[in-house]
Structures are given as C-alpha cells and as structure tokens.
Amino acid sequence: MTTAAKTKPETPPAKRRPPRFHRLNVRDVRKETDDAVSLAFDIPDELAADYLFTPGQYVTLRRAGDTDGVRRCYSVSSGRDDGELRVLVKRLEGGVFSSFVHDELTPGTELDVMTPEGTFGAKIQRGGPRTYLALAAGSGITPIISIIRSVLSADPEASFILFYGNRTLSSIIFRDELNDLKDTYPERLSLFHTLTREGTDSPLFSGRLDAEKLRKFAGALFDPKAIDDAFLCGPAELIQELRAELCALGVAENCIHDELFAPAGDGNIAPVVRAPIAAETAPGEGVEVTAILDGTSRTFVMTDDQESVVTAAAAAGIELPYSCKGGMCSTCRAKVIEGEAEMTLNYALEPWELKENFVLTCQARPKTEKLTVDFDHV
Ligand code: FES
C-alpha cells in the first residue's frame, strides 16, 4: 500500500536526520518535453515521514543497488498539496544517468531514492500580502514551480511574478502546468516567457534572460522595491549575474535565494587543483577524522592524496551522505565541532551556515590534526 508524499513540518526538528536511500518503485513516467521526463514514485506508508518535503527540495537517485555507481540529484516539481513526489529528469548529452532514465526506465522500475534535501524554499515567510519574484532558466523551473504551486495554494494573499527563459516554445518545461496555474490564479501569478531562438510578440521577450533584460523588466513589469523574496534557479553563471543585478536594482541581498544547477552538464564539475591537507602531519601519516552520523561516531585517517572527507571515509569503508560531489547540492553538509576544515568549492552553503561552521564534506579537507564533523546537526 502506498500513500501520498507530504511536506515537512514547518518547524524543523532539533536534530536533523541525515539523508538516506530507500528503494522506491517508479509509479509514473511522463514526457514533459522532447528532452525532459518527470518521474513519480510510490511511497510505502512506513516511509511516508521520510519523504516529507518542503517546496524547493531535491532527491538523489541512483540505480537500485548501485552503491558505488552514478548518483544524481533532481529537484522536486510537485507542490506541497499535490499528493505525490515528482522529479524532473532532463536528458543531457553524454549523461549516464539521464540516458538510463530516458532510454530504459519504465513505470515499475525500482530506484534507490535518497530522502529529500535542500534549503532553497526553506526561507519562505508564510502569510500576509507578500510579493515573490522568480527567475528561472530551462530545467531551473523545477524547484520554482514547486514553490509557486505551494505558496499560491497556501497563502491567499501572496502573489508571484515569474520570468522564465527558454530556447523555443516547445522547450518550455511544464508549459501547460504553468498556464493552468495562471488560469487558477489570474490575479496572483504574472507569467512572462523569454525565448532565445524563436520570435515573440515583443522584442522585450526575445533573447536571453540576463541582467540587461532584467533591468528592462524592472519598472515596466515589476517594482523591485515591492519584492519580498526572490527565487533564482538555473546555470551558475547566469544566476550569479541575475543576483548581482537584483541587488543593483534594490532588492535586499538576504531576500534573494538561489539554487545553482551543475555548470558542466550531468554533474560533471570542472576539475579543481587540490591543496595539500593544511594540517601538519609527518610524512605518510594522516589526519584523524571523526564523522558523527545517526548518533554514531566513526573515526578514520585521511591522507594527503585523498580529496575530501567523503572520499577518505569511503576508502575506509564508511559511507557518508553525498550526491553531486561538486559543492552544489549540500547533501554532504555537516557541522565542524572539533578542529577546522577548508573547502575547495562551495556553491551551496549560505553565509550563516559558514559562520556556524557548516562545511560540505565532499569539498572539505582538514586544517588541523583532528577533525570532527557532525551530520546530525540542523
Ligand atoms: S555532495 Fe553535493 S555538495 Fe557535496
């Protein structure tokens, strides 16, 4: 027997449950565009609480039982009241996992699905006449549509302005769903598409959704000073450009929330030069690292040739939570409670998390002779 996925409680638990995989059955595979499908899962009653999600979160998928294989994270597209957990998978050229999903996966296929993670939509203030702005490009619409659906259905006074950039009309993901939302909330959802490879009625909507375009939209189509929160999702470079422009237009930086999609295709992050472990150790020796997960401490040694806490743990036979391994998703987030660590990349943690000593363990290397990281901290 299965049940609908429900959203996570508004008040987070004092201790976080680290993400974990469960095997789920794919209930539905739906073609969204020529190169995008969405998947919905059967969630057994006994796992319903594990798959509570907040709008804007994502899940990590891997083939059933493929513990060392490719894993990819995909944003949830369903809203909090939709009664299902649905994610979007876009086919990426050379993408091992997305090709498997598009070419082989059918309803009834089992996948290992990690419990939902991510804080993109967590800062939504509930209630009152709030105005939200959303900027999305391509498959960046996925967490955004979940947030829009959820906010508009829950808060009768909230309104959303969405600018969504694509190449052509046929490449617009969730086009029908967006039109349905517009029909349902004609006064509260303002929807604008920009297209790069197809003509539009107005030159204003032709071309890339970039800083220059955003400047033209401001004033003509929305008032930056009236925006309570802005949600941005798409390729990293574009989102950084749009964020800077929103700040220049007067939107408070702490009201801008972004989710960056991998910069180089199917999770292929550009390689980076690795710094040596900063802690001073004798040649051949390593640093003692302790990871606390589900209340259990495990200690292992990390040597200079190991790129991160996650890979050092794996070499010691300890599986820590991770997904993208590229500093993008925060599945591997943990709090440093002893010692210090430095990260090679960080696209996921916010300033308050850095201040409170959270790190991405897929990017973290010790700076001290001992390091303890706690995955159970909220
Ligand atoms: S696994 Fe995605 S940021 Fe570390």
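The values are calculated or read from the model by the stated rules, or taken from the named source; none is laboratory data. All values derive from a computational prediction rather than experimental measurement. Here Cβ is always computed from backbone atoms with ideal geometry, including for glycine, and neighbour counts include all displayed protein chains. These accessible areas exclude ligands, DNA and RNA; they are computed on the full protein's heavy atoms, side chains included. Shrake-Rupley method; radii C 1.70, N 1.55, O 1.52, S 1.80 Å.
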Rank-order 235-247, 26-38, 148-160 by packing density, defined as the average count of other C-beta atoms within 10 Å over each peptide's residues, highest first. 148-160, 235-247, 26-38
Before rounding to the nearest 500, sum -39500 (n - 2.57) across all DSSP H runs of length at least 4 in the chain and divide by the residue total; then give [θ] at 222 nm in deg cm²/dmol. -5000 deg cm²/dmol
Taking the highest mean first, how do the peptides 102-111, 124-133 order by number of other beta carbon atoms within 10 angstrom per residue? 124-133, 102-111
Semi-axes of the equivalent ellipsoid for the chain, Cα gyration tensor, largest first, Å: 35, 24, 20
Express in nm, to one decimal, how much length is gained between T106 and T290 on full extension, taking 0.36 nm for each residue of separation and deducting their alpha carbon distance. 62.1 nm
Inter-part distance where region 25-85 and region 100-173 are each reduced to a Cα centre, Å: 13 Å
If the only charges are +1 at each Lys and Arg Cβ and -1 at each Asp and Glu Cβ, what is the size of the charge dipole of region 287-374 around the Cα centre, to the nearest 20 debye? 140 debye
Over the Cα atoms of region 287-374, Rg to Rh with Kirkwood Rh, two decimal places? 0.92
Rg and Dmax of region 2-114, using alpha carbons, in Å: what are they? 13.8, 43
With unit charges on the beta carbons (Lys and Arg positive, Asp and Glu negative) and the dipole taken about the Cα centre of region 287-374, which residue among V310, V336, A348 sits farthest to the positive side? A348
Order the peptides 55-62, 352-359 from the highest to the lowest mean number of other Cβ atoms within 10 Å of their residues. 55-62, 352-359
Tell me, what does the Kirkwood hydrodynamic radius of region 113-239 come to in angstroms if you use every pair of distinct C-alpha atoms? 15.1 Å
Test item: Cα-centred dipole of region 144-193, Lys/Arg +1 and Asp/Glu -1 on Cβ, debye: 240 debye
Per residue accessible area in Å² of region 2-114, where ligands, DNA and RNA are left out and the probe is 1.4 Å: 44 Å²
Take the chain, connect every pair of alpha-carbon atoms lying under 10 Å apart with a spring to form a Gaussian network, then pick out the residue of P143, P44, P203 with the largest mean-square fluctuation. P203
Gaussian network model of the chain, Cα within-10 Å springs - most flexible of N25, N254, N166: N254
Residue separation times 0.36 nm, minus the C-alpha to C-alpha distance between K355 and T200: what's the value? 51.2 nm
Furthest towards positive pole of dipole, A136, A211, C255, structure part region 131-261, Cβ charges: A211
Farthest toward positive dipole pole in region 2-114 [+1 Lys/Arg, -1 Asp/Glu at C-beta], among C73, A40, V89: C73
HN-Hα J couplings of region 35-50 from phi, Karplus 6.51/-1.76/1.60, θ = phi - 60°, integer Hz, Gly and Pro as x? 10, 9, 10, 10, 10, 10, 10, 7, 10, x, 3, 5, 10, 4, 5, 5
Could you report region 131-261's accessible area per residue, 1.4 Å probe, as an integer in Å²? 41 Å²
For region 337-370 and region 236-250, write down the distance between their C-alpha centroids in whole Å. 25 Å
Suppose R0 equals 30 Å; then what is the FRET efficiency for H22 and S153 from their Cβ-Cβ distance, rounded to the nearest 0.05? 0.65
Run the numbers for A220 and A252: contour at 0.36 nm per residue of separation, minus the present Cα-Cα distance, in nm. 9.5 nm
Carbon and sulfur %, accessible surface of the chain computed with the full protein complex present, 1.4 Å: 48 percent
Of all DSSP beta bridges located in the chain, what percent are antiparallel, nearest 5? 60 percent
